[in-house]
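Everything below concerns the one structure shown next.
The values are calculated or read from the model by the stated rules, or taken from the named source; none is laboratory data. Being a predicted model, the structure only gives us computed values, none of them experimental. Neighbour counts run over all protein chains shown; Cβ positions are idealised from the backbone, glycine included. When the accessible area is computed, the model is the full protein with side chains, heavy atoms only, and any ligands, DNA or RNA have been set aside. Shrake-Rupley method; radii C 1.70, N 1.55, O 1.52, S 1.80 Å.
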Amino acid sequence: LTSLLLASGPLTLDFTTAPLTQEVDVVGPVSLILHLSSLLPETDIHAVVSDVWPDGSAHAVAAGRLRSSFPDLVPALTRYDVHGEPVQPYPDFSTKKRALPGQTREYAIEFWPIGNRFQAGHRLRLSLVGTPTYALPSPGLINSVSVGSENPSRLLLPVLPGHDLCAAIGASC
């Protein structure tokens, strides 16, 4: 799968893990590296991380947002991990840079620091919410998110030492 479409309005695009096989403590700054294109020159990106309990109820534990016309970061104020990933992005709001329709760009979306223990049997969910277009003629699906290409979008979570999120969801990371 190389991309999924994110609809406008109240619809969301959800990514949910398998049930965790062991508890995982996630503590610290979270960021989402998102490769997105839009039919609009400017769109709002809203992202929510939730703890999904075994009964199916979802409990939001972190949220981030960014307007697509601010794709750049202030390097001196952004915190990076050892791989050069922005784990605490500091967006540059000094100049708007609208995208061309259909142009894919990378966005680093900052979340406030998180502190949550995802219990065994719970799932982790990332939800992306589209830009409301109630004031515009409905263009249908307007945003495309890259999820499985050469530059995939990814959620960066700070896992405490002794906890292994990849093992807990049965994935190789």
*asked:* Taking the solvent-accessible surface of protein heavy atoms with a 1.4 Å probe, what is the per residue accessible area of the chain in Å²?
replied: 54 Å²
*Measure off, as a whole percent, the carbon and sulfur share of the 1.4 Å-probe accessible area of the chain, all protein chains present.*
57 percent
*asked:* Given R₀ = 25 Å, what would the calculated FRET efficiency be for C173 paired with S94, taking r from the Cβ atoms and rounding to 0.05?
replied: 0.10
*Per-residue accessible area for E85 at 1.4 Å probe radius, Å² rounded to 10?*
40 Å²
_How large is the convex hull of the C-alpha atoms of the chain per residue, in Å³?_
125 Å³
_Spin-label pair V74/L39, simplified geometry with 7 Å Cα→Cβ offset, distance in nm_ = 3.6 nm
